[in-house]
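The values are calculated or read from the model by the stated rules, or taken from the named source; none is laboratory data. These numbers were taken from a predicted model, which means no experiment stands behind them. FYI the Cβ positions are ideal-geometry reconstructions off the backbone, even for glycines, and counts take in every protein chain you see. Accessible surface areas use protein heavy atoms only, side chains included; no ligands, DNA or RNA. Shrake-Rupley method; radii C 1.70, N 1.55, O 1.52, S 1.80 Å.
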Amino acid sequence: MMNTKYFVALIKGDEEKILGVFNTREEADRYGKTNVLPHDMGLQYCFCAKAKNNIPVKNNISIYSYYNV
């Protein structure tokens, strides 16, 4: 079964790393705003997607916030 989840991720070049998976946007924002990484490590952002076993199904995502721009 797929559920909607909120992800905080770090992307640099072609590499993307999921830093956290959350049930609400508020939880993701709280994490993203307190775990801001230097911009030279990549772009840290929040997106929402349907997920299966906490893995995003990326055919339909919505980006919500950027934390280290």
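Candidates in segment 2-12 are the residues that are assigned to a strand (DSSP E or B) and open to solvent by 50 Å² or more (accessible area, probe 1.4 Å); of these, the one that is farthest from Met41 (Cα to Cα) is Asn3.
Restricted to segment 15-45, and to residues there that are assigned to a strand (DSSP E or B) and more than 23 Å from Met1 (Cβ to Cβ), the residue that is nearest to the chain's Cα centre (by Cα) is Tyr45. Only residues that are free of Cβ contacts under 8 Å to residues at least 24 places away in the same chain and of a type in the set (S, T, N, Q) were counted across segment 25-69, and they come to 5. Considering every residue within segment 13-26, establish whether at least one is at pLDDT 95 or above, among the small types (Gly, Ala, Ser), closer than 14 Å to Tyr66 by Cβ and surrounded by 13 or more Cβ atoms within 10 Å (Cβ to Cβ). Taking every residue of segment 13-26 in turn, none turns out to be at pLDDT 95 or above, among the small types (Gly, Ala, Ser), closer than 14 Å to Tyr66 by Cβ and surrounded by 13 or more Cβ atoms within 10 Å (Cβ to Cβ).
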